[in-house]
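Everything below concerns the one structure shown next.
All of the numbers you see were taken from the coordinates with simple rules; none came from a lab. Values in this document were obtained by computation on a predicted structure and should not be read as measured data. Neighbour counts are summed over all protein chains in view; Cβ atoms, including those assigned to glycine, are modelled from backbone coordinates with ideal geometry.
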Amino acid sequence: MERNAIQLFVPTYRIDECLNEIRECLEVGWTGLGYKTVKFEEAWKQYTGLPHAHFVNSATAGLHLAVRILKKHYGWEEGDEIISTPITFVSTNHAILYEGLKVSFADVDEYGCLCPLSVRKAINCRTRAIVFVGLGGNVGELEQIREICAEHRLRLILDAAHMAGTRFRGVVPGRDADAVVYSFQAVKNLPTADSGMICFNDAEHDKAARQMSWLGIDKDTFTRTNSAGAYKWYYDVPDLGYKDHGNSIMAAIGLVQLRYLDHDNAYRRQIAQWYDELLGSYSNIRRVPITAGCESSRHLYQVRVERRDEVLLALNNANIFPGVHYRDNREFSMYDQSVAHCPNASEYSNQVISLPLHLRMSRDDVEYICHHIKTICG
């Protein structure tokens, strides 16, 4: 009998609870911006301890808003540079290009995150910010990156797309960042259909994000509807904006998923421990480490192997379907003009495998995967 396929990601929803939250939106007649989005923002601030949170339709939108608002506030000019990683989903670096800024790639370290030494070498007179990606939920050397930002007066954007629930030394990372952007996309640790959260440190930046994500309008419909007076309908459009805000249906799902986030992440860490136990002594499979003191969300469990593509094909033949996070962005046509020297990123990109990791997996699944990958790797 053929074993059922083991997929990389399979999201889990508390369906009845989600439907109850959504039903409230339908009964009240409010499915758009406001109502549940406001409740989710408040819940997220309480959960993370971050001072501000604005619910948007994707982490991509959040990253773009972060770059645009910081650019406008600090007077960055087209051609100014933001240091970023080549090992990330393209949203991270597209957000920089959207604003006419230049992506300056720095290399990665053993964690697959930005290498502080390489970042220092990349800084020049036109560097304005650093985008740090918490790959797989890990913090890497974020502390050193934060120190570099302070030393050189650079802005720090934390791409926390994988970091919902991550803590470092007991604290949610990013309190010293200018902006932290989370993803609640369909296969993330806190899955909705698609949405995200942008958390600015500065209240004025948060206010700007709310206006900019609602087409530049200075008062959203929910606020106008819940205001008093004859002129509550009145609004102005003082700036160009985008339709980036989230809606109450996605927020309703998010509110339910947040209740279980720590519980779910604890099981993800259990799966990771099983992988560690079964692969730990095997020299042909290099596990990507987790920073000491990091309680990772464990969005990913990554290993590095030789002949990676052959290994992937063999695993597929055994009904195991891992992923690759990520292809070196400098290999894409959009970024292949980069002259940055990032040998670690190139090697990482050609070796890394993200093994299946989701809440529906069992110890038996992990044993099956580990047996096959060890057999394949010789």
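Gap in Å between the Cα centre of region 163-180 and the Cα centre of region 55-126? The distance from the Cα centre of region 55-126 to that of region 163-180 comes to 18 Å. Name the residue from Gly254, Leu142, Ser281 whose Cα lies farthest towards the positive end of the charge dipole of the chain, charges +1 on Cβ of Lys and Arg and -1 on Cβ of Asp and Glu. So the residue we want is Gly254. Highest GNM mean-square fluctuation among Pro356, Pro11, Pro116, for the chain modelled with Cα contacts below 10 Å: Pro11.
Quote the convex hull volume per residue of region 1-114, based on C-alpha atoms, as a whole number of Å³.
Looking at region 1-114, the number lands at 202 Å³ per residue.
Most simply put, region 122-281 has about 45% antiparallel DSSP beta bridges, counting only bridges with both residues inside it.
In sequence order, region 345-359 has phi-based couplings of 5, 4, 5, 4, 4, 8, 10, 6, 10, 9, 6, x, 7, 7, 5 Hz under the Karplus curve 6.51 cos²θ - 1.76 cosθ + 1.60, θ = phi - 60°, and Gly or Pro positions carry x.
Comparing Ile87, Ile198, Ile22 in a Gaussian network model of the chain (Cα springs below 10 Å), the most mobile by mean-square fluctuation is Ile22.
In terms of overall dimensions, region 175-312 has a Cα radius of gyration and Dmax of 21.6, 73 angstrom. When volume of the Cα convex hull per residue in Å³ is computed from the coordinates, the matching label among (i) 122; (ii) 141; (iii) 179 is (ii).
Remark: region 41-143 carries a charge dipole of roughly 280 debye about the Cα centre, counting +1 on each Lys and Arg Cβ and -1 on each Asp and Glu Cβ. For the chain, a crude dipole built from +1 on the beta carbon of Lys and Arg and -1 on the beta carbon of Asp and Glu, taken about the Cα centre, is about 240 debye to the nearest 20.
Under a 5 Å amide H cut-off, with hydrogens placed 1.01 Å from N, Arg298 pairs with nothing among residues at least 5 apart or on other chains. Structural descriptor for region 141-196: relative contact order 29 percent, calculated from alpha carbon pairs under 8 angstrom and at least 6 residues apart. Between the amide H of Val139 and those of Thr291, distances stay under 5 Å, these residues lying 5 or more places away or on another chain, with hydrogens modeled in the peptide plane. When the Gaussian network model of the chain links Cα atoms closer than 10 Å, the mean-square fluctuations of Phe105, Phe55, Phe321 top out at Phe321.
Counting pairs on different chains as well as pairs 8 or more places apart, how many Lys pairs in the chain have Cα atoms under 14 Å apart? Don't jump to the answer; show the numbers that get you there.
Working: Lys71/Lys102; Lys72/Lys207; Lys207/Lys219; Lys219/Lys232; Lys219/Lys243.
The number of close lysine pairs in the chain is 5.
Taken about its Cα centre, region 143-190 carries a charge dipole of roughly 160 debye when the Cβ of each Lys and Arg holds +1 and the Cβ of each Asp and Glu holds -1. For the peptides 294-302, 2-10, the ranking by mean Cβ contacts within 10 Å, running from highest to lowest, is 294-302, 2-10.
P(r) for region 106-148, from all Cα pairs and a bin width of 5 Å, is 5, 25, 35, 22, 9, 3, 0 %, short bins first.
Considering helices alone, the calculated mean residue ellipticity of the chain at 222 nm is -12000 deg cm²/dmol, with DSSP H runs of length four and up weighted by -39500 (n - 2.57) and normalised per residue. Distant-in-sequence amide contacts of Val133, defined by a placed amide H-H separation under 5 Å and a gap of 5 or more residues or a different chain, comprise Leu114, Asp159. Calculate the length of the line joining the C-alpha centroid of region 333-377 to that of region 255-299, in whole Å. Region 333-377 and region 255-299 have Cα centres separated by 15 Å. Selection among Trp44, Ile82, His54 by position relative to the dipole of region 1-100 gives Trp44 as farthest towards the positive end (Cβ unit charges, Cα centre). Counting only the Cα atoms, region 103-225 fills a convex hull of 143 Å³ per residue.
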